[in-house]
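Visitor: If you scroll down you'll find the structure; I have some questions about it.
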Amino acid sequence: MVKNYNEILYDNETLFTERLILRKFTKEDAPDVLEWGSNEEALRYLSWQGVTTIDEAKAAIFDHNLSRPGIFAIELKETGECIGSLDLKIEPDHDKLVFGYVLKPAYWGKGYMTEALAAVLELCFEKLDANRVEALHYAGNVGSGKVMTKCGMKLEGIAKQGLKIKGIFHDVCHYGITKEDWLAKA
Ligand SMILES: CC(C)(COP(=O)(O)OP(=O)(O)OC[C@H]1O[C@@H](n2cnc3c(N)ncnc32)[C@H](O)[C@@H]1OP(=O)(O)O)[C@@H](O)C(=O)NCCC(=O)NCCS
């Protein structure tokens, strides 16, 4: 039987970690999305252009990407604030998932994205039965690479000037983890 990734994602649209809830975005998240989605530091290494008004934040949630299956709002349990997002895209023909993430700068360096990604990798391998999960970051975005490495992913190579982002060519670091690696790690 062909695996229905979207159905599995719908069944697992909320994930709980020690300090976080990964869940669907709601309209109440718009002010938080505007806050980190308009922060230059947060957007620096992203191809996403971000948002500049509350209406754009609402549109990002409802009309665009932020409401499809696999996009998680990252909520801080303690305050209920939506402090970022982790975006999982499915490549069903390859049994592969590709992700990206962003966190509000005020919360950087506290282990939140490592906590979120660990839960999402578990979802990918344990529930979605993926064969591979991969992601990339622009060279210089040290924090992003560290999050992936801490979650068991490996740096597989660097593409020189692999992407042009906001007019500047960036070397691109490619990371991946296979089901084999995941099982060996467990
Ligand atoms: C990349 C990002 C998601 C990291 O999230 P985070 O919650 O701060 O990461 P963690 O706290 O789990 O950090 C993991 C490690 O990276 C380190 N780290 C985090 N941000 C860092 C930074 N800006 N510079 C250097 N190291 C950093 C942490 O200190 C930690 O290392 P340690 O365990 O040795 O102390 C966050 O910085 C971010 O949203 N950046 C902007 C958006 C972005 O670039 N997304 C990635 C696109 S590929």
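Visitor: Given the criterion open to solvent by 20 Å² or more (accessible area, probe 1.4 Å) and within 24 Å of Y10 (Cβ to Cβ), identify the matching residue among P69, P105. Before you say what the answer is, go through the steps one by one.
Guide: Working: P105 fails: within 24 Å of Y10 (Cβ to Cβ).
One residue alone meets the criteria, P69.
Visitor: Also, quick follow-up: Looking at the range 124-139, can you tell me whether even one residue there is on the phi > 0 side of the Ramachandran plot and more than 8 Å from the ligand (Cβ to nearest atom)?
Guide: If we filter the range 124-139 for residues that are on the phi > 0 side of the Ramachandran plot, which is where we start, we get 129.
Applying the additional criterion that residues be more than 8 Å from the ligand (Cβ to nearest atom) yields 129.
Within the range 124-139, one or more residues are on the phi > 0 side of the Ramachandran plot and more than 8 Å from the ligand (Cβ to nearest atom).
Visitor: Another question, then. Looking at (1) over 17 Å from the mean Cα position of the chain (by Cα); (2) modelled with pLDDT under 95; (3) of a type in the set (A, V, I, L, M); (4) over 16 Å from K127 (Cβ atoms), can you tell me which one I8 breaks?
Guide: (4)
Visitor: State whether the residues of the range 45-68 include one that is within 13 Å of the ligand (Cβ to nearest atom) and of a type in the set (A, V, I, L, M).
Guide: Checked the range 45-68: at least one residue is within 13 Å of the ligand (Cβ to nearest atom) and of a type in the set (A, V, I, L, M).
Visitor: Here is a further query. Here is a list of conditions, (1) on the phi > 0 side of the Ramachandran plot; (2) within 14 Å of the ligand (Cβ to nearest atom), and A42 meets all of them except one; can you say which number that is?
Guide: Every listed condition holds for A42 apart from (1).
Visitor: Out of the strands (runs of 3 or more DSSP E) lying entirely within the range 109-186, which hold 1 or more residues that are modelled with pLDDT under 95 and loosely packed, with under 13 Cβ neighbours inside 10 Å? Working first, answer last.
Guide: On the way: elements: 132-138, 154-165, 168-178.
Because the criterion is at least 1 residues that are modelled with pLDDT under 95 and loosely packed, with under 13 Cβ neighbours inside 10 Å, the strands (runs of 3 or more DSSP E) in the range 109-186 that meet it are 154-165, 168-178.
Visitor: If a residue has to be at pLDDT 95 or above, among the aliphatic types (A, V, I, L, M) and more than 14 Å from the ligand (Cβ to nearest atom) to count, how many in the range 74-108 make the cut?
Guide: 1
The values are calculated or read from the model by the stated rules, or taken from the named source; none is laboratory data. Given the structure is predicted, the values throughout are model-derived calculations rather than measurements. Don't worry about glycine lacking a Cβ; one is built from the backbone with ideal geometry, like all the others, and counts go over all protein chains shown. These accessible areas exclude ligands, DNA and RNA; they are computed on the full protein's heavy atoms, side chains included. Shrake-Rupley method; radii C 1.70, N 1.55, O 1.52, S 1.80 Å.
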